[in-house]
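What follows is calculated from the coordinates using simple rules that are stated; it is not laboratory data. Bear in mind the structure is a predicted one, so any value in this text is a computation, not a measurement. Don't worry about glycine lacking a Cβ; one is built from the backbone with ideal geometry, like all the others, and counts go over all protein chains shown.
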Amino acid sequence: MSADDGRRGDPVVTPELLDRIRERLAVEPGDPDPVRVAAAIRAESAGVLGDTDLLRALRLLQTELTGAGVLEPLLHDPQVSDVLVTGPDAVWVDRGHGLRRTSVCFADEAAVRRLAQRLALSAGRRLDDAQPWVDGRLPEFDAVLGDSFGVRLHAVLAPIAHGGTCLSLRVLRPAAQGLDALAAGGAVAPAAKVLLEQIVAARIAFLVVGGTGAGKTTLLSGLLAKVDAAERIICVEDAAELAPPHPHVVRLVARTANVEGAGAVTVRDLVRQALRMRPDRIVIGEVRGAEVVDLLTALNTGHDGGAGTVHANSPQEVPARLEALAALGGMDRAALHSQLAAAVHVVLHVHRRADGTRGLREIGMVVRDSDGRVRIEPAWRADGAPAPAADRLHALLAERLCA
């Protein structure tokens, strides 16, 4: 039974009664376990509810007050990567083929707002009119979702969100799909698969670029699985998603500040720590800030074969994107291009196709012009278009693999 059914079809369990029960539970210490919820129902109903009505109210409130409420079944679906709420009757999911609307509904806008605020509190964040947006991680899902590493939360309250509270939940499942499986599924062409295996074996540093949800982490994880078992990989991430099937992976995960604003551990902090952990390869799950300076510095100090992902719509946009990020770390344009040309050799571009599937679109080479600026030239393209840097890539692979 949905929350909507409970409110509209039951004259005894009224919205006013449910609101009084919620208020009572909100001021009481401790989690809203079944015993406390049942006691609150009895107290607020003054004993007028029969056993059937009491059980109905208990089920309704437990659904709303525990876990992710009516969204819980969607988060447990192993195919779901994102759950998006844009209104009481507008709940969307992504199962790898683009967004699809579901039949899940909330009772009203207030129910969406209550869930967003409760989840924010669970993530150690504040969400109210004074702080109308929140970004956090829900640790209670770490064990509940089995092979998942939790759920990332983002929420914006009305009136900042004009149509009502917007709630975005991303299930952080480990990207453990291997390169062979990606090739078998059509995400990586056979010719590209051979090149990718050679890039990893030759210890060539690379960046995986693409838009949100394009499959960057999935491809990166698949490539790391091809790393020699004798090598030590240090993975630094903002949220734990990388889980390559490799025998020697050390995973460092950043931490945001608590409600008092203390205790933050940044990706940049962790990159610096990774340098002291005897890495063979340093990997950043997503380069999104000043840590790009530390990554490029690390790759220029003898740590070959490093990797990372970057949000960019095309390989040609990568230099400009990295310029902007490097500026946050105090590195100017000339220094960035110099470091980039020396540290990174290959850019892999993934994208989401029109049918919602994802795949490798281009392999690009980092080329430095006479003026010192860096550009990305195609070395392989999925559409068969000319790839002027193909010979350059093959020459680099031959040189590294024969060394």
- Item | Amide H partners (placed H, <5 Å) of Arg361, local residues excluded | His349, Val350, His351
- Could you tell me whether the range 179-402 comes out rounded, prolate or oblate from its Cα gyration tensor? Rule is a ≥ b ≥ c as square roots of the eigenvalues, rounded for a/c under 1.5, then prolate if a/b exceeds b/c, otherwise oblate. rounded
- Where Lys and Arg each count +1 and Asp and Glu each count -1, what net charge lies around His311 among other residues with Cβ under 9 Å from its Cβ? +2
- Item | Total formal charge among the other residues, if their Cβ is under 14 angstrom from that of Arg333, Lys/Arg +1 and Asp/Glu -1 | 0
- Note on the structure: Looks like the range 68-173, by Cα gyration tensor root eigenvalues a ≥ b ≥ c and the a/c under 1.5 rounded cutoff (else prolate when a/b is bigger than b/c, oblate otherwise), is oblate
- Task: Could you tally the net charge around Ser168, taking each other residue with its Cβ under 12 Å from the Cβ of Ser168, Lys/Arg +1 and Asp/Glu -1?
- Result: -1
- So how do Thr86, Thr52 line up by other beta-carbon neighbours within 10 Å, fewest first? Thr52, Thr86
- Percent antiparallel among DSSP beta bridges (both partners in the range 179-402, rounded to 5): 45 percent
